[in-house]
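Asker: I have a structure I would like to understand better, so I am pasting it below and will then ask my questions one at a time.
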Amino acid sequence: MPTDSVKNRTFKDALNGTVRFEIPFFQRGYAWEKKQWDQLFLDLQEQVIEELNRGSQIEEVEHFFGPIVVLEKTGGVVELKEFLVVDGQQRITTVYLLLAIIQAEVHAKRHLSGDAFDHLEKLKKYLVNDVSGSDEYLKLKVFSSKGDRLPTFRTVFGSDANPKTPLLQTDLQLYVPGRNRVDEFHKYAIKKLKAQYRDVPALWQLAEALLNCLKIVWIPLDQEKDDPQAIFESLNDKGMPLSASELLCSYLFRPIIEAKEPYEELHNDQWLAATRILDSDDRFEEYLRNLFSIGETKMVGKHRKVYVHFKVKNPHLASVTAKQQLADIFSSAHLYRTIIEPLVHPHKDNEINGLLIAVSNTRMDASTPFVLSVLRAHATGKIDDPSARAILRETLVLLVRRKMTTQPTTQYDVMFPQLLTKIVGETSRVQALQDQFKKYDVWVGDKEFEEALIHKPTYRRNDLPFSRMILIEIDKCFQSFGQLPDYTTVNTIEHTLPQTPDEAWKQYLGDDAEDEHLSTLTDSLGNLCLLSGPANSSAGRDPFEAKRAAYSPVTALARQIIEHVGPWNLEAIRQRSKKLAAEALGIWPWSKV
């Protein structure tokens, strides 16, 4: 990096002339959020505008805005001086967009100021390149990618403007109006300008502050000596450290770009498509963590550890391997979505999907690498339908039994990632699976499971999906002729003996009201049934007889209480827990092998 050419500059210097700052493909898209935008406007107001209002000359006011690291491109468009932005993308993009938004506001108020047309001409010089040609994107002085090109163009040239460019159809597919960060900043900035910079003089003062008073350290790289991507990875953007998925995207595409293959098409059709399947950056990163954990001796760590793990496993990534990894990431994203949202995105096999719903309700996310590995093997034909169903059913039994017995889950991060590799080649995969459960000491026998169902809380305030699943599955066993109620309408859990008994209930319970096991038994299986929300609210702390009269017989569990003979005390709850536990043993049994 030639230190003799490092210098302080302004955005007026940087954006002057026929110039283009291109955001390289290995960079993320525009990512600044309200926190960074608020800080920028606060700094401008306190460090610049207030100084100018106190009489300081514009050339005397400075506010350091960070470095801009660039690499000048050669052999590009003859008319343009082109730079790759290695660091400082968020800063230069924000200033460029804000100048364009100011331009639009000045244009809207041009009839109110005699200076407006002069201001507009000056702003245009810093926003638009005066070039000809078939690609109107050349007019942009900041040229981004990954869905940001089109909204940037529209910010500069108008909300309905479409550039004449070979990239238009691609960009129309990439751009999701209202969900793009450029659009978010546009809305934010308009609101800010209308609140604080209402007239043309105030708007022009802000524009001059951006162009003249924000000082940047201009750091040019040497094309022969410096590796822009390596430098990019070593730098942190101001307040916005790169995520694991952003770093991974850069690392995966580097060999593809170096091989001069059509990387943008791959990015849009596979990487970007996979991120959109999962519809959340955090969810996509967690997906990668689970995918990369498959076959490992333990679960991959979170956040940047996902990227570090992949890089260590693939230190010399070739183009062909990178493309295989991309295809794998894309194809498995659909399967992962069926694991985390089986109700919204069901698996094509109904029985498998039912098992995925049940596994999801246990909220034992540590099992996800194993479940994903089973679905991948099933999708590629390595495991047939009966085997996939049997493996998932046995996994569900483990998760339910251990959760009900409140057993520790420390072994899961070691057992589940590599579990499929230890059973897939065995003649009896279910037997092999059970052997592994015993090897890792996570097996829960019938007696232990039954004792937990009777004596431990089934109602868990912080884990209601699991509690409801237990009750619904038991309720199904008592329904006649397979006629099941709509469990979405009877989706609340009723405590027949209230969790906090009032004085009337305490008198009714007698000595049981002082029993040390009262609170546990109140949340136990035998005291619970399923009711609709309104019915649950209505029952409240009513006396037992009033509750029996008010309960709806839609669910079998409610009918049992309606038909109960005798007092509703702790012994009645224990006896009912034993009866329901016997059914639970048949719902979640270990397979006989």
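The values are calculated or read from the model by the stated rules, or taken from the named source; none is laboratory data. Predicted model, so just to flag it, every value in this text is computed and none were measured. As a convention, Cβ positions derive from the backbone with ideal geometry for all residues, glycine included, and neighbour counts pool all protein chains shown.
Asker: Hey, can you tell me all the residues within segment 386-414 that are over 12 Å from Glu448 (Cα atoms), assigned to a loop (DSSP other than H, G, I, E, B) and without any contact (Cβ under 8 Å) to a residue 40 or more places away in the chain?
Answerer: Hits for segment 386-414 are Pro408, Thr410, Gln411.
Asker: Considering only segment 126-148, state which residues are among the hydrophobic types (A, V, I, L, M, F, W, C) and either outside the structural domain of Leu84 (by TED's automatic domain parsing) or closer than 24 Å to Ala273 by Cα (or both).
Answerer: Initial filter on segment 126-148 (among the hydrophobic types (A, V, I, L, M, F, W, C)): 127-128, 131, 138, 140, 142-143.
Once the filter is applied, which keeps residues that are among the hydrophobic types (A, V, I, L, M, F, W, C) and either outside the structural domain of Leu84 (by TED's automatic domain parsing) or closer than 24 Å to Ala273 by Cα (or both), segment 126-148 yields only Phe143.
Asker: Out of curiosity, is Ser577 out of contact with any Pro (no Cβ under 6 Å at 6 or more places or on another chain), part of a helix (DSSP H, G or I), closer than 30 Å to Arg401 by Cβ and of a type in the set (Ser, Thr, Tyr)?
Answerer: So Ser577 fits the description; yes.
Asker: From the set of residues in segment 31-41 that are buried (at least 16 other Cβ atoms within 10 Å of the Cβ) and modelled with pLDDT of 90 or more, which is nearest to Pro255 (Cα to Cα)? It would help to see each step written out before you state the result.
Answerer: Filtering segment 31-41 for residues buried (at least 16 other Cβ atoms within 10 Å of the Cβ) gives 31-32, 36-37, 40-41.
Filter again for modelled with pLDDT of 90 or more, leaving 32, 36-37, 40-41.
Details: Trp32: 28, Gln36: 33, Trp37: 35, Leu40: 36, Phe41: 40 Å.
Ranking the candidates gives Trp32 first.
Asker: To continue, here is another question. Which of the following residues is in contact (Cβ under 8 Å) with a residue 60 or more places away in the chain and either within 22 Å of Ile23 (Cβ to Cβ) or among the hydrophobic types (A, V, I, L, M, F, W, C) (or both): Ala195, Ala104, Ala161, Ala116?
Answerer: That would be Ala116, the only listed residue that is in contact (Cβ under 8 Å) with a residue 60 or more places away in the chain and either within 22 Å of Ile23 (Cβ to Cβ) or among the hydrophobic types (A, V, I, L, M, F, W, C) (or both).
Asker: Quick one: which helices (runs of 4 or more DSSP H) sit completely within segment 240-324 and have at least 1 residues that are polar (S, T, N, Q)? Break it down stepwise before answering.
Answerer: On the way: elements: 244-258, 263-266, 272-278, 281-293, 304-313.
In segment 240-324, 244-258, 272-278, 281-293 are the helices (runs of 4 or more DSSP H) which contain 1 or more residues that are polar (S, T, N, Q).
Asker: Within segment 184-207, count every residue that is surrounded by fewer than 17 Cβ atoms within 10 Å (Cβ to Cβ) and among the acidic types (Asp, Glu).
Answerer: Result for segment 184-207: 1.
Asker: Go through segment 165-190 and give me each residue that's at pLDDT 95 or above and either outside the structural domain of Phe41 (by TED's automatic domain parsing) or among the basic types (Lys, Arg) (or both).
Answerer: Result: Lys187, single match.
Asker: Gly295 is checked against (1) surrounded by fewer than 21 Cβ atoms within 10 Å (Cβ to Cβ); (2) small (Gly, Ala, Ser); (3) under 25 Å from Ile357 (Cβ atoms) and fails just one. What number does that condition carry?
Answerer: Going through (1) surrounded by fewer than 21 Cβ atoms within 10 Å (Cβ to Cβ); (2) small (Gly, Ala, Ser); (3) under 25 Å from Ile357 (Cβ atoms) one by one, Gly295 breaks only (3).
Asker: Further question: Quick one: is Gly526 crowded, with 19+ Cβ neighbours inside 10 Å and either out of contact with any helix residue (DSSP H, G or I) (no Cβ under 9 Å at 6 or more places or on another chain) or modelled with pLDDT of 95 or more (or both)? Spell out how you get there, then give the answer.
Answerer: On the way: crowded, with 19+ Cβ neighbours inside 10 Å: yes; either out of contact with any helix residue (DSSP H, G or I) (no Cβ under 9 Å at 6 or more places or on another chain) or modelled with pLDDT of 95 or more (or both): yes.
Criteria met by Gly526.
Asker: Of Asp130, Asp87, which residue is of a type in the set (D, E, K, R) and within 32 Å of the chain's Cα centre (by Cα)?
Answerer: Working: Asp130 fails: within 32 Å of the chain's Cα centre (by Cα).
Every option except Asp87 fails the conditions.
Asker: Among the residues of segment 535-542, are any in contact with a Pro (Cβ under 8 Å, 6 or more places away or on another chain), without any contact (Cβ under 8 Å) to a residue 60 or more places away in the chain and more than 15 Å from Cys477 (Cα to Cα)? Spell out how you get there, then give the answer.
Answerer: Of segment 535-542, the ones in contact with a Pro (Cβ under 8 Å, 6 or more places away or on another chain) are 540-541.
Pick out the ones that are also without any contact (Cβ under 8 Å) to a residue 60 or more places away in the chain and you get 540-541.
If we keep only those that are more than 15 Å from Cys477 (Cα to Cα) too, we end up with 540-541.
So far as segment 535-542 goes, yes, one or more of its residues are in contact with a Pro (Cβ under 8 Å, 6 or more places away or on another chain), without any contact (Cβ under 8 Å) to a residue 60 or more places away in the chain and more than 15 Å from Cys477 (Cα to Cα).
Asker: Checking the condition more than 16 Å from Leu98 (Cβ to Cβ) and part of a helix (DSSP H, G or I), which residue from Thr155, Thr170 passes?
Answerer: Details: Thr155 fails: more than 16 Å from Leu98 (Cβ to Cβ).
Answer to the selection: Thr170.
Asker: Of everything in segment 425-459, what is surrounded by fewer than 18 Cβ atoms within 10 Å (Cβ to Cβ), touching a Ser or Thr at 6+ places or on another chain (Cβ under 9 Å) and outside any helix (DSSP H, G or I)? Give them in sequence order.
Answerer: Selection gives Lys456 alone.
Asker: Would you pick out the residues in segment 551-569 that are assigned to a helix (DSSP H, G or I), surrounded by fewer than 22 Cβ atoms within 10 Å (Cβ to Cβ) and in contact with a helix residue (DSSP H, G or I) (Cβ under 6 Å, 6 or more places away or on another chain)?
Answerer: Result: Ala556, Ile562.
Okay, residues lined up against (1) surrounded by fewer than 18 Cβ atoms within 10 Å (Cβ to Cβ); (2) modelled with pLDDT of 90 or more:
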site: Gln27; (1), (2): no, no
site: Asp43; (1), (2): yes, yes
site: Ile58; (1), (2): yes, yes
site: Val70; (1), (2): no, no
site: Glu79; (1), (2): yes, no
site: Leu84; (1), (2): no, no
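Asker: Same structure again: Give the residue that is surrounded by the fewest Cβ atoms within 10 Å (Cβ to Cβ), with candidates limited to residues of segment 488-500 that are within 13 Å of Trp568 (Cα to Cα) and of a type outside the set (S, T, N, Q). Even if it seems obvious, please write down each step before you answer.
Answerer: Narrowing segment 488-500 to residues within 13 Å of Trp568 (Cα to Cα): 495-498.
When the remaining residues are screened for being of a type outside the set (S, T, N, Q), the result is 495, 497-498.
Details: His495: 19, Leu497: 25, Pro498: 16.
Filtering segment 488-500 for residues that are within 13 Å of Trp568 (Cα to Cα) and of a type outside the set (S, T, N, Q), the one surrounded by the fewest Cβ atoms within 10 Å (Cβ to Cβ) comes out as Pro498.
Asker: Restricting the search to segment 502-526, which residues are among the acidic types (Asp, Glu), part of a helix (DSSP H, G or I) and without any contact (Cβ under 8 Å) to a residue 40 or more places away in the chain?
Answerer: Glu503, Asp511, Glu514
Asker: Let me ask you something else. Checking Ile329 against (1) assigned to a loop (DSSP other than H, G, I, E, B); (2) modelled with pLDDT of 95 or more; (3) within 16 Å of Ser250 (Cα to Cα): exactly one of these is not met. Which one?
Answerer: For Ile329, the failing item is (1).
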